[in-house]
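Here the structure comes first, spelled out in structure tokens, and everything after it is commentary.
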Amino acid sequence: MGNCYFKQMSIALFFLLAVPATVVLGQGTWVGFYSRSCPRAESIVQSAVRSGFNSNPTVAPGLLRMHFHDCFVQGCDGSILTNGDDAEKMAGPNRLLRGYEVIDDAKTQLESACPGVVSCADILALAARDAVVLSGGPGWPVPTGRRDGRVSLASDASNLPGFTDSIDVQKQKFAAKGLNTQDLVTLVGGHTIGTSACQFFRYRLYNFNSTTGADPSIDTAFLPQLRSLCPEDGDSSKRVGLDDRSENRFDNSFFANLRNGRGILESDQKLWTDDSTKTFVQRFLGIRGLLGLTFSAEFGKSMVKMSNIEVKTGTNGEIRKVCSAIN
């Protein structure tokens, strides 16, 4: 795993070096932002993520989700990381996120190497990329230069994309952040790694409608497996892979599962049943007659685009000394 990790990061570094450090890629962010002020910043984050992953591989999807949830609320400003009874991490959609200890570990090391230089928001953006690489996915140059936000409210997380959202609602939420339909399908493809608790999809298995009892978009051959994993009166916290048989590896099998009626979340499966998103799923699958898309390449592009949502730079933010506390 280690050799594969460094090989893929070397590829990412090649592309990074091909982009001049002075080229601005977002609202004041650019690749190589810390090249002088903290040259080891990215390697320190990589090391912390690798250590966390080796101890518990579930931190990989956790860090990826955490970055997504951070960016969709108050922008990519690290506000998801702060503690407090009314902080973002206490909102329903965020309560099961994991990997905070990895960010804390990276921050501690960075404060020792470069005090007051690297923001928690940037650590999270870098960690999400490194988590994908460790899961067998692509690397990409991450523009940095974000500052940390000073506000974190659970109530602001109410508009995060939800597991029952229609495609129209999902598209509206993504469009509000400057992301198009292709970005939507691509970023939801991040569900190729990780799991979901039964409580978020069990309703699809038993009482979805009065005719079959189950969501008709679920493959009938797959239904018994899901029901055995999530009995009607069973443990609602039990976790099931979002990408059947491939939840630990970053690949495009997630889209094949959608085609086969094996999407776990209702919002995911709708990507196949709605024509406006189905086309992109088909393109990722290389359906004949359609212009193909390479998931690994497009994922990196959409992640960079997402990572620049409403970023704070200059005096609009701060550099926290501790990621879990607003200074």
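The values are calculated or read from the model by the stated rules, or taken from the named source; none is laboratory data. What you see is a predicted model, and the numbers here were worked out from it, not measured in a lab. Here the Cβ is made from the backbone with ideal geometry for all residues, glycine too, and neighbour counts use every protein chain on show. Heads up: the accessible areas ignore ligands, DNA and RNA and are worked out on the full protein's heavy atoms, side chains in. Shrake-Rupley method; radii C 1.70, N 1.55, O 1.52, S 1.80 Å.
Selection of region 194-237 for residues being assigned to a helix (DSSP H, G or I), among the polar types (S, T, N, Q) and over 23 Å from Ala256 (Cα atoms) yields only Gln199. When we screen Ala214, Ala176, Ala197 for residues that are exposed (fewer than 14 other Cβ atoms within 10 Å of the Cβ) and among the small types (Gly, Ala, Ser), the only hit is Ala176. Could we say that Val304 is closer than 19 Å to Thr192 by Cα and in a strand (DSSP E or B) here? Judged against the criteria, Val304 is not a match.
If I ask for residues that are among the hydroxyl-bearing types (Ser, Thr, Tyr) and open to solvent by 10 Å² or more (accessible area, probe 1.4 Å), which ones from region 97-134 would you list?
Tyr100, Thr108, Ser112
Go through region 161-193 and give me each residue that's part of a helix (DSSP H, G or I) and of a type in the set (Lys, Arg). Hits for region 161-193 are Lys171, Lys173.
Answer yes or no: is there a residue in region 69-82 that is within 19 Å of Arg239 (Cβ to Cβ), open to solvent by less than 40 Å² (accessible area, probe 1.4 Å) and either in contact (Cβ under 8 Å) with a residue 40 or more places away in the chain or not acidic (Asp, Glu) (or both).
Here is the first cut: in region 69-82, the ones within 19 Å of Arg239 (Cβ to Cβ) are 69.
Those left that are additionally open to solvent by less than 40 Å² (accessible area, probe 1.4 Å): 69.
Filter again for either in contact (Cβ under 8 Å) with a residue 40 or more places away in the chain or not acidic (Asp, Glu) (or both), leaving 69.
Scanning region 69-82, I find at least one residue that is within 19 Å of Arg239 (Cβ to Cβ), open to solvent by less than 40 Å² (accessible area, probe 1.4 Å) and either in contact (Cβ under 8 Å) with a residue 40 or more places away in the chain or not acidic (Asp, Glu) (or both), so the answer is yes.
Hey, can you tell me all the residues within region 270-301 that are among the charged types (D, E, K, R) and either over 28 Å from Ala214 (Cα atoms) or assigned to a loop (DSSP other than H, G, I, E, B) (or both)? Listed by number, the residues that qualify are Asp274, Arg283, Arg288, Glu298, Lys301. Of the residues making up region 262-269, none is open to solvent by 40 Å² or more (accessible area, probe 1.4 Å) and part of a helix (DSSP H, G or I).
Among residues of region 166-179 that are closer than 14 Å to Lys305 by Cβ, those with a beta-carbon under 7 Å from a residue that is assigned to a loop (DSSP other than H, G, I, E, B) and of a type in the set (A, V, I, L, M, F, W, C) at least six positions away or on a different chain give the pairs Lys177/Phe72; Lys177/Ile309; Gly178/Ile309. Look at Ser43 and say whether it is closer than 24 Å to Lys305 by Cα and modelled with pLDDT of 95 or more. Yes, satisfied. Going through (1) in contact with a His (Cβ under 8 Å, 6 or more places away or on another chain); (2) modelled with pLDDT under 95 one by one, Asn209 falls short only on (1).
Among the residues of region 234-261 satisfying the criterion of being over 17 Å from Thr186 (Cβ atoms) and in contact with a Leu (Cβ under 8 Å, 6 or more places away or on another chain), which is most open to solvent (accessible area, probe 1.4 Å)? So, considering only residues that are over 17 Å from Thr186 (Cβ atoms) and in contact with a Leu (Cβ under 8 Å, 6 or more places away or on another chain), the one most open to solvent (accessible area, probe 1.4 Å) is Lys238. Against the list (1) surrounded by fewer than 20 Cβ atoms within 10 Å (Cβ to Cβ); (2) closer than 15 Å to Gln269 by Cβ; (3) without any contact (Cβ under 8 Å) to a residue 40 or more places away in the chain; (4) touching a Lys or Arg at 6+ places or on another chain (Cβ under 9 Å), the condition Tyr206 fails is (2). Among all residue pairs at least 6 apart or on different chains, which show Cβ distances below 8 Å where the first residue, located in region 41-52, is more than 12 Å from Gln109 (Cα to Cα) and the second is open to solvent by 20 Å² or more (accessible area, probe 1.4 Å)? So the pair list comes out as Arg50/Gly2; Ser51/Asp105; Gly52/Glu101; Gly52/Asp105.
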